[in-house]
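Engineer: Dropping the structure in here first, questions after.
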Amino acid sequence: MDSSSIRVSNEFVHVVWASHILSLLNPYTSTAGGKEVDDEDGEDFDDDVDQDFTSADAQPLSTNSDILRQKFLDCICELLSHTKGGKFVTAAALREKENGVEVDIARNNGLDADDDEEYLDSLKQFLAMQARELPHPALAEYSHTFLKTTITYSRTRVDAQGEAVAQLLRGTLFRPLQRSIAREYTVDTCLLGCCSAPLQPVFTHAESLVVQLLNFDHWSSGQDPSEQRQKMVELAAATVRSPQVTQGALERMLPSVDSHKVIRAWRVLARPVTNLRTLSQIARLLPNFRNITFIPISRPAPVKLQSGQVPTIQEAWKSLGLSRGRGPNRGFPPALTGKSNKFRGSCCSELVTHCEIQLLTRYEAEPSLVPTLPYFGCSKKTCFLCESFLELSPLNIRTRGRHGQCHPLWAIQPCDSEDARQRLKHLCKIVKQKIKARRNPRHYPPPIAIQQSSAVSELKSADILELVRQSKNLEVVAQQARELREKRQILGLVHGGVPNASPAGTVPRDVRASTGHPTSSYAPDIAISWPAAHQRTTGSASEWGFHFPSFDPYLGPKHGLLSTIPFVENKRRNLELDHPLTIYYRDYDTVINKSVHAAVEACPGMSTSYNMLGEYVVMSGQYGLKAGTADHAFKDMTLADFRHALDWFSTYFDDTVREIPSGGSSVLAVKVSSPLEQNSSGRNLFTSVAIDRDFPSTSNVSPLSQALGLPIRVCQLDHRVDLTDEPSEEETSWTNPYTQILMTEIDPESDNWGNTRRHVDIHGSVLLRRLDEEDLDLATAEHMCFYCLEVLKPLFDKALSGEVSRQDVLDEITLEKATEWKPIDAYTRVTGEQQRQQRGFVRRM
């Protein structure tokens, strides 16, 4: 594809200059204390080699877990990245629907219209065959055939990895295993889990694989190495499923080789098997993933700078403003002297749009195609420029991780929008900050090379069993409900109760098991279902009975504690409900409930600020209300109840600090921002913000504010701030003087009088809110803080040194004197010629 001849913006040109300068200094941007960078390992974009063989452990899963979908995308990308090198890096995104999924696929050099699309058609058929109704022999036959097809499709990568592992073992001492040891441990040899097979010793697999790798040069140069190649991949997959056993075998056979390094290499060698096994497991758990549509994304034309946009490296350094600043390192670095020709040659090369950026620009141009999962699967970790640019996008796309290396042959398609210009300008600022870090090695730890690729870990067998158990429990509940409905219909026919079957009289069929089963809202699917409600009577009369709803099939394992949260108020709409609603959940799960978040965020202007973990059931009514009262039983959920439940999820544990109020539950507070936050987000020192009335935080009531007649809570905030520049030591260790003075102890009998109360965090930004949960006026809060800091703080210091008495200080802590005080000159911007009058006691001091 020809390069784009369109003149690109100056903002993009500056990014190209800065990234090439950073690459010439050191392309690695990730740092770790005490580690040195091995410059010999540096690789450019075209010859990038997979290095990371680490496989992350899987987290506890549910069918609503994003982890399943992320693994699904990563596995597809690894399968399509059939050759090593940056040209074949592949990314994918997912749009999930009720009856199927769509997967957008992009590759750095584009997908081949023949080989790649033919393989995608076979992969689509492989996933479609994972239905439970399919006979096992047919599934097993096709699965093993498709595994062979996959290994052949990935033969270039497999051979390169096999050669790398063979090089690792070459020249080492090999000790064959004793036969008695080799028969100790066994595993199932059906690597795809599609059929049963005889058990074979793990030690035997490991020994066979070592022998084959030691003879790699011999068989790989033969006429048809495909059979040996498949055997090598299958042996690697069989051994890595029992890593501890395999490690023991390697330590016996190859005592001079690092067994951990060998196992990591074997994991990458086994990727075709591991990926297909994971995809098949996910397709069996999620029926809609069996109906998949792959959408290849056409690669955009490479971008090339015009000759007039490529200066010398010295001119680029000066144009980027890298010579400005203070200190001995503000001049042109000697390390770049003599590299002007290399710089100009690199800047004149074709610049490629990486696969992640291809997907991002597609979704920003067509918002209707935005993926349902804000995650880009990829065959390897994301480079420094891609990750930084993705973070600037409002789509908040997550990735597999970043390796931190700067690939300067990077581009986005020319665009004249102001938003694109601002993001490129911000990206250039980030790159320049990394360049400055190279010039100050004493203040910044040295960068290191980060492993770029990894093998997707297999799903845990315990997770698979739990997911299958949940699925079967739901099937049993549905079957019991169907049987009970059939019995009711038979009874209705016997007694002549035939429903009106005319079209005009057709009504939706009641799918409840019986009329005694109230409706409820089940959060995993955000659908109305009817779990059984059992009643148990205590005492001599039925009017003292309680209603106990049972949700075991819906809320996971019984070992979790069943918890309830009743509520009768809709804080978002400032409404009092005429009946209680109760939320049931089991406090055991660590998996985010995707359905709750999706349902809430589908409502305009609503979001969840807290990760809702596990599964939830909402009932209309409240457990424990006795029979004989007006609300003695649970009622059917209505659409209004469902909306109240969504509003509750959107306001639960809401710790969002907003610029403007967001509903009836909001109150105004005042934020005191640290210099670090002021510099990063452009905030003022004091800012009026809106928070939820039940804002969750660690807080303390200020003793001075109570004495001044306006009790204020000082709430601690998260100190983490999104930064584009490296913070200074002064910014990160800033002591908040307003927290320090507001939390001063004024109890005369306390031995800590005049000092900040113990165990109070006095660092970073804080939030000030009224104790009575009313709105706090910005001017009032500013006036109180400055009065405490500029008037009372010096008095406390003098009292502690014995210059004035404690009573003199306490006499100044009154509302009247604080109101009379006029703010300091810097606060009101009063000129020196307009000096204010001071009150008597302060003037005498």
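The values are calculated or read from the model by the stated rules, or taken from the named source; none is laboratory data. What you see is a predicted model; the values in this text were computed from it and never measured. Note that we place each Cβ from the backbone using ideal geometry, even for glycine, and neighbour counts take in every protein chain shown.
Engineer: Would you say Val158 is among the β-branched types (Val, Ile, Thr), surrounded by 21 or more Cβ atoms within 10 Å (Cβ to Cβ) and over 24 Å from Ile357 (Cα atoms)?
Structural biologist: yes
Engineer: Let me ask something else about it. Please determine whether any residue of the range 180-192 is modelled with pLDDT of 70 or more and surrounded by fewer than 14 Cβ atoms within 10 Å (Cβ to Cβ).
Structural biologist: From the range 180-192, those modelled with pLDDT of 70 or more are 190-192; that's our starting set.
Still in the running and surrounded by fewer than 14 Cβ atoms within 10 Å (Cβ to Cβ): none.
Scanning the range 180-192 turns up no residue that is modelled with pLDDT of 70 or more and surrounded by fewer than 14 Cβ atoms within 10 Å (Cβ to Cβ).
Engineer: Oh, and also: Failed condition for Leu359, given (1) in contact with a Ser or Thr (Cβ under 9 Å, 6 or more places away or on another chain); (2) of a type in the set (A, V, I, L, M, F, W, C); (3) surrounded by 16 or more Cβ atoms within 10 Å (Cβ to Cβ), with all others met?
Structural biologist: (1)
Engineer: In the range 801-820, what residues are in contact (Cβ under 8 Å) with a residue 12 or more places away in the chain and out of contact with any helix residue (DSSP H, G or I) (no Cβ under 9 Å at 6 or more places or on another chain)?
Structural biologist: Glu820, the sole residue that qualifies.
Engineer: On the basis of being in contact with a strand residue (DSSP E or B) (Cβ under 9 Å, 6 or more places away or on another chain), at pLDDT 50 or above and assigned by TED's automatic domain parsing to the domain that holds Arg402, does Ser81 make the cut?
Structural biologist: Answer is no for this residue.
Engineer: Just to be sure, is Gly222 touching a residue at least 24 places away in the same chain (Cβ under 8 Å), surrounded by fewer than 19 Cβ atoms within 10 Å (Cβ to Cβ) and in the same structural domain as Ser154 (by TED's automatic domain parsing)?
Structural biologist: Answer is no for this residue.
Engineer: Okay, moving on. Considering only the range 778-798, I want to know if a residue exists there that is of a type outside the set (Gly, Ala, Ser), more than 51 Å from the chain's Cα centre (by Cα) and either buried (at least 18 other Cβ atoms within 10 Å of the Cβ) or modelled with pLDDT of 55 or more (or both).
Structural biologist: For the range 778-798, residues of a type outside the set (Gly, Ala, Ser), more than 51 Å from the chain's Cα centre (by Cα) and either buried (at least 18 other Cβ atoms within 10 Å of the Cβ) or modelled with pLDDT of 55 or more (or both): present.
Engineer: Determine which member of the set Val245, Val210, Val310, Val268 is of a type in the set (A, V, I, L, M, F, W, C), surrounded by fewer than 22 Cβ atoms within 10 Å (Cβ to Cβ) and touching a Phe, Trp or Tyr at 6+ places or on another chain (Cβ under 8 Å). Write out each step before concluding.
Structural biologist: Numbers: Val210 fails: surrounded by fewer than 22 Cβ atoms within 10 Å (Cβ to Cβ); Val310 fails: touching a Phe, Trp or Tyr at 6+ places or on another chain (Cβ under 8 Å); Val268 fails: surrounded by fewer than 22 Cβ atoms within 10 Å (Cβ to Cβ).
Within the list Val245, Val210, Val310, Val268, the selection yields Val245.
Engineer: On the basis of being farther than 21 Å from Val15 by Cβ, in the same structural domain as Gly308 (by TED's automatic domain parsing) and either free of Cβ contacts under 8 Å to residues at least 60 places away in the same chain or buried (at least 16 other Cβ atoms within 10 Å of the Cβ) (or both), does Gly345 make the cut?
Structural biologist: When the stated conditions are applied, Gly345 does not pass them.
Table: residues versus (1) touching a strand residue (DSSP E or B) at 6+ places or on another chain (Cβ under 9 Å); (2) closer than 21 Å to Lys148 by Cβ; (3) in the same structural domain as Val352 (by TED's automatic domain parsing); (4) not in a helix (DSSP H, G or I).
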residue: Ser208; (1), (2), (3), (4): no, yes, no, no
residue: Val211; (1), (2), (3), (4): no, no, no, no
residue: Asp217; (1), (2), (3), (4): no, no, no, no
residue: Val233; (1), (2), (3), (4): no, yes, no, no
residue: Gln247; (1), (2), (3), (4): no, no, no, no
residue: Arg267; (1), (2), (3), (4): no, yes, no, no
residue: Val273; (1), (2), (3), (4): no, yes, no, no
residue: Asn288; (1), (2), (3), (4): yes, no, no, no
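Engineer: The conditions are (1) buried (at least 22 other Cβ atoms within 10 Å of the Cβ); (2) within 25 Å of the chain's Cα centre (by Cα); (3) of a type in the set (Gly, Ala, Ser), and Ala420 fails exactly one of them. Which is it?
Structural biologist: (1)
Engineer: Of everything in the range 368-391 that's surrounded by fewer than 18 Cβ atoms within 10 Å (Cβ to Cβ) and outside any helix (DSSP H, G or I), which residue is farthest from the chain's Cα centre (by Cα)?
Structural biologist: Per the stated criteria, the residue is Val370.
Engineer: While we're looking at this one, here's another question. Which is in the same structural domain as Pro302 (by TED's automatic domain parsing), exposed (fewer than 15 other Cβ atoms within 10 Å of the Cβ) and touching a residue at least 60 places away in the same chain (Cβ under 8 Å), of Ala365, Ala335?
Structural biologist: Testing whether each residue is in the same structural domain as Pro302 (by TED's automatic domain parsing), exposed (fewer than 15 other Cβ atoms within 10 Å of the Cβ) and touching a residue at least 60 places away in the same chain (Cβ under 8 Å) leaves just Ala335.
Engineer: Taking the range 690-729 as the search range and keeping residues that are part of a loop (DSSP other than H, G, I, E, B) and either outside the structural domain of Arg758 (by TED's automatic domain parsing) or hydroxyl-bearing (Ser, Thr, Tyr) (or both), which one is modelled with the lowest pLDDT?
Structural biologist: Residue satisfying both the conditions and the ranking: Thr724.
Engineer: In the range 778-792, is there at least one residue being in the same structural domain as Ser702 (by TED's automatic domain parsing), hydroxyl-bearing (Ser, Thr, Tyr), in contact with a Leu (Cβ under 8 Å, 6 or more places away or on another chain) and not in a helix (DSSP H, G or I)?
Structural biologist: no
Engineer: Only one of these is crowded, with 18+ Cβ neighbours inside 10 Å and either under 26 Å from Cys378 (Cβ atoms) or in contact with a helix residue (DSSP H, G or I) (Cβ under 6 Å, 6 or more places away or on another chain) (or both): Gln130, Gln125. Name it.
Structural biologist: Gln130
Engineer: What's the total number of residues in the range 742-770 that are assigned to a loop (DSSP other than H, G, I, E, B) and either over 24 Å from Glu820 (Cα atoms) or under 35 Å from the mean Cα position of the chain (by Cα) (or both)? First the steps, then the outcome.
Structural biologist: Of all residues in the range 742-770, those assigned to a loop (DSSP other than H, G, I, E, B) come to 743, 745-755, 757-762, 764-765.
Pick out the ones that are also either over 24 Å from Glu820 (Cα atoms) or under 35 Å from the mean Cα position of the chain (by Cα) (or both) and you get 747-753, 755, 757-762, 764-765.
Result for the range 742-770: 16.
Engineer: Looking only at the range 106-129, filter to residues that are over 19 Å from Ser280 (Cα atoms) and not acidic (Asp, Glu); which one of those is nearest to the chain's Cα centre (by Cα)?
Structural biologist: Ranking the candidates gives Ala106 first.
Engineer: Which of the residues that make up the range 149-172 are free of Cβ contacts under 8 Å to residues at least 12 places away in the same chain and either under 15 Å from His218 (Cβ atoms) or of a type in the set (Val, Ile, Thr) (or both)?
Structural biologist: Correct list: Gln167 only.
Engineer: Those residues that are among the polar types (S, T, N, Q) and under 21 Å from Arg290 (Cβ atoms), I need them from the range 116-172; list them, please. I'd like the intermediate steps shown before the answer.
Structural biologist: Here is the first cut: in the range 116-172, the ones among the polar types (S, T, N, Q) are 122, 125, 130, 143, 145, 149-150, 152, 154, 156, 161, 167, 172.
Within the range 116-172, Ser122, Gln125, Gln130, Ser143, Thr145, Thr149, Thr150 qualify.
Engineer: Right, something else. Being in a helix (DSSP H, G or I), over 17 Å from Ala91 (Cβ atoms) and at pLDDT below 85 narrows it down to one residue among Val431, Val476; which is it?
Structural biologist: One residue alone meets the criteria, Val476.
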